[in-house]
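What follows is a single structure, written as structure tokens, with notes after it.
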Amino acid sequence: MKNLILASIVLATISCTSNVKEAPNMPGAYFMTSQTINDGKKDTKYTDLKQLKIYTDSFMMYTQVNPGDSVSSFGVGAYTADTGTVTEYVKYSASDSTINSSPRTFTLNITKTPEGYTQVIPDISIDTQKIKLTEEYQSVSKAQKTPLDGVWKETNSFIVKGNDTTKNNRTQYKAFYAGYFMYGHTFKDSANRNFTGIGFGTFTMDGDNKMKEVDLNSTYSIAVGQSFMIDIEMNGADNYKQTIVNADSSKSVEYYERLKK
């Protein structure tokens, strides 16, 4: 009888332990495979949006483009993981002509799957309407580590063509992790309206000072499927400069600073 009681206690302990959710391990690169919106009456599922999401050890960034009309969005910020949840502290986001630089916090219910994970935000406002947002993701992470891994903010950028230098007036963020990169930026277009542009794809280092980016999806259709060779100059661990020589021999020069908590 004593042995039976002890065995029952052990089985009960194992059962309770197995039901405890752990903090999800999020670092990696993920493609969104579906997005479902529930307005309280019905589910509407979307599978045509192109979205990549990157989690580093401390930061997250996502970029999205609708292939039908090239309308784009992105968001960037820090995050923490707890039991079955991820809390994202978004510091900057944009969608089409709407920019939000006010800090916001979102709590995501996370369920890990064999393919990647599912995230659910039970109560989020979109266009003043409260909805339940469910997104499914597939992991595409590669076993690749580089000095660029992390999330960065552009501090200065310009285009040099002959003797002329033209400064870019924009806000831009960029992320690298697990073999993937993404960027998102906002600026005023020729009609003085806010514009959001994004791009994402794979990247590989060629030595310490060169990088190859392959653009998989972008706001700019001319860039999709293209490869770009980029010169890299690291300035310590938290700053770098990148230079692209364009087809017309002009140079695009960008300076970045790593985001830190």
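The values are calculated or read from the model by the stated rules, or taken from the named source; none is laboratory data. Only a predicted model underlies this, so the values are computations on that prediction, with no experimental measurement involved. For neighbour counting, all protein chains shown are included, and Cβ atoms are generated from backbone atoms with ideal geometry for every residue, glycine included.
Results, tabulated for the structure shown:
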quantity	calculated
Failed item, numbered, when Gly197 is tested on (1) under 25 Å from Ser101 (Cα atoms); (2) surrounded by fewer than 18 Cβ atoms within 10 Å (Cβ to Cβ)	(2)
Selection from the range 227-252 of residues that are closer than 24 Å to Gly150 by Cβ and polar (S, T, N, Q)	Ser227, Asn235, Asn239, Gln242, Thr243, Ser252
Checking Ser101 against (1) small (Gly, Ala, Ser); (2) within 17 Å of the chain's Cα centre (by Cα); (3) more than 30 Å from Lys167 (Cβ to Cβ); (4) surrounded by fewer than 15 Cβ atoms within 10 Å (Cβ to Cβ), the condition it does not meet	(3)
Verdict on Asp206 being closer than 23 Å to Ser249 by Cα, exposed (fewer than 14 other Cβ atoms within 10 Å of the Cβ), among the acidic types (Asp, Glu) and in contact with a strand residue (DSSP E or B) (Cβ under 9 Å, 6 or more places away or on another chain)	yes
Check on Arg258, more than 28 Å from Met26 (Cβ to Cβ) and in contact (Cβ under 8 Å) with a residue 60 or more places away in the chain	no
Listing of strands (runs of 3 or more DSSP E) fully contained in the range 202-245 that carry 3 or more residues being over 21 Å from the mean Cα position of the chain (by Cα)	227-234, 239-245
Where a residue in the range 15-42 is outside the structural domain of Tyr177 (by TED's automatic domain parsing) and surrounded by 12 or more Cβ atoms within 10 Å (Cβ to Cβ) and its partner, wherever it lies, is among the acidic types (Asp, Glu) and modelled with pLDDT under 95, with Cβ under 7 Å and at least six apart	Thr36/Asp43
Selection status of Asn192, outside the structural domain of Lys50 (by TED's automatic domain parsing), part of a loop (DSSP other than H, G, I, E, B) and surrounded by fewer than 13 Cβ atoms within 10 Å (Cβ to Cβ)	yes
Odd one out for Val224, checked against (1) touching a residue at least 12 places away in the same chain (Cβ under 8 Å); (2) out of contact with any Pro (no Cβ under 7 Å at 6 or more places or on another chain)	(1)
Any strands (runs of 3 or more DSSP E) falling wholly within the range 132-179 and containing at least 1 residues that are under 21 Å from Thr196 (Cβ atoms), touching a residue at least 24 places away in the same chain (Cβ under 8 Å) and out of contact with any Ser or Thr (no Cβ under 9 Å at 6 or more places or on another chain)	150-161, 171-177
Hey, Asp189 of a type in the set (Asp, Glu), closer than 27 Å to Asn66 by Cα and at pLDDT below 95 or not	yes
Test result for Lys112, over 21 Å from Phe200 (Cβ atoms), surrounded by 14 or more Cβ atoms within 10 Å (Cβ to Cβ) and among the basic types (Lys, Arg)	yes
Residue selected from the range 180-199 under the condition free of Cβ contacts under 8 Å to residues at least 60 places away in the same chain and aromatic (Phe, Trp, Tyr), by the criterion nearest to Pro147 (Cα to Cα)	Phe181
Filter result for Ser72 (surrounded by fewer than 14 Cβ atoms within 10 Å (Cβ to Cβ) and within 20 Å of His185 (Cα to Cα))	no
